[in-house]
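The block underneath contains the structure these notes are about, expressed in C-alpha cells.
The values are calculated or read from the model by the stated rules, or taken from the named source; none is laboratory data. Keep in mind the model is a prediction, meaning the values are calculated, not measured. Virtual Cβ from ideal backbone geometry, glycine too; neighbours counted across all protein chains shown.
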Amino acid sequence: MRLFEGTPFDRPPKCDRCDQLVEDCECPPIPVPEIPPEKQRLRVAVEKRKRGKIVTVIRDLAESNQHAELLTVLKSSCGAGGNLPSATIIEIQGDHAEKIKQILQDRGYKLKK
Ligand SMILES: [Zn+2]
C-alpha cells in the first residue's frame, strides 16, 4: 500500500511520455544518445590470453547500440571470430590490429597512440 493511497495525495506514478500508469506504459526505452565516432578516442591492443590465444582488443568505445554491427564488419573483414565482452569493448580473435585500426579510422574514430 502506498503512503497516501486512497487520499487526494495519492498519485500513482505515470509515464511522462504517454501519460499511462507506469505499469501500463508500453513506450520503448529511451535510447542512449550516440556519441559520434569522431568524438571517440579508442585504444587498440593485441593481447595474449590463456593458452597463448591472441586477441585484438578495442577499448574505450562509447556505449552504443551500434557495436553489434561494427563487430560484424570487423569479423568479416578479418575473417575471424569476435565478441563484445562489455558495452565499451570489442574483441577480435587473432592479431588484426593494423586492419582494425584502418577500419576504425575509415569510420571516423580517433585512435590513442
Ligand atoms: Zn509511456
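Being under 17 Å from the mean Cα position of the chain (by Cα) and either modelled with pLDDT of 95 or more or surrounded by 11 or more Cβ atoms within 10 Å (Cβ to Cβ) (or both) holds for only one residue in GLN102, GLN40, and it is GLN40.
Restrict the check to the stretch 42-62 and report whether at least one residue is of a type in the set (S, T, N, Q), part of a loop (DSSP other than H, G, I, E, B) and in contact (Cβ under 8 Å) with a residue 12 or more places away in the chain. Looking through the stretch 42-62, none of the residues is of a type in the set (S, T, N, Q), part of a loop (DSSP other than H, G, I, E, B) and in contact (Cβ under 8 Å) with a residue 12 or more places away in the chain.
ALA45 fulfils the conditions (1) away from the ligand (no atom under 16 Å from the Cβ); (2) modelled with pLDDT of 90 or more; (3) out of contact with any strand residue (DSSP E or B) (no Cβ under 9 Å at 6 or more places or on another chain) except for a single criterion, (3).
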